[in-house]
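Worksheet for the structure shown next.
The values are calculated or read from the model by the stated rules, or taken from the named source; none is laboratory data. Computed from a predicted model, the values in this text were never measured in an experiment. Cβ placement follows ideal geometry from the backbone for every residue including glycine, while neighbour counts extend to all protein chains displayed.
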Amino acid sequence: MRHRPGKLPGHPARRHHRNLRNRRASAPAVKRGHSSADGRSVRTLKVGEAMRHVLADVLARGDIRDDVLDKHIVSVSEVRVSPDLRHATAFIMPVGATPADQEAVLRALNSHARQLKGELARRVNTKYAADIHFKVDDSYAEAARIDALLRTPKVARDLEDRAPPRILDDE
């Protein structure tokens, strides 16, 4: 049976459902889940935040025994989870690390991903344990770049030249 896109079929053979106003009406398509501004559902956001807390706790306590990870403080800024909750991408930033150190920390975390997956499975209550992948968070570098642009003499001059806004009285 073929249906029009975005519409559910009405009742067949003159049988009217109480929600359908007339014979030609059809039931509206069902929208699943509520989503945030970036298109992710509330559930994936909550699960991602729970995973972020667990990863940050494990890395802060030093549960992972690795020479590279022991030398660096690792910040977990965000965990993005797929809609089926089976894959997660953790965005990390080693505090005060050079780009070479960042890559070394990334390799160390990806090599211990199986151990971290087990810890996530124990501490985050989901049906499946998510496969975790790590990426370096570029938002810190982007924020520093924008901050540096705002501090340039040209921008400072433009801000000084701008006249203060006038306040209009209703009197």
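Brief remarks on what is shown
- Test: residue in the range 97-107 that is hydrophobic (A, V, I, L, M, F, W, C) and not in a helix (DSSP H, G or I): yes
- Residue in the range 13-36 that is at pLDDT 65 or above and under 30 Å from A130 (Cα atoms) present: no
- Test for Y140: is it part of a helix (DSSP H, G or I) and hydroxyl-bearing (S, T, Y): yes
- Any hit, the range 74-89, residues being charged (D, E, K, R), part of a helix (DSSP H, G or I) and buried (at least 16 other Cβ atoms within 10 Å of the Cβ): no
- Any hit, the range 147-170, residues being free of Cβ contacts under 8 Å to residues at least 12 places away in the same chain, within 30 Å of K46 (Cβ to Cβ) and part of a helix (DSSP H, G or I): no
- Boolean, A88 is of a type outside the set (S, T, N, Q) and over 21 Å from R40 (Cβ atoms): no
- Selected residue (only one of A60, A90 is of a type outside the set (V, I, T), in contact with a Leu (Cβ under 7 Å, 6 or more places away or on another chain) and at pLDDT 90 or above): A90
- Answer from K127, K117 - the residue that is farther than 23 Å from L59 by Cα and either part of a loop (DSSP other than H, G, I, E, B) or among the charged types (D, E, K, R) (or both): K127
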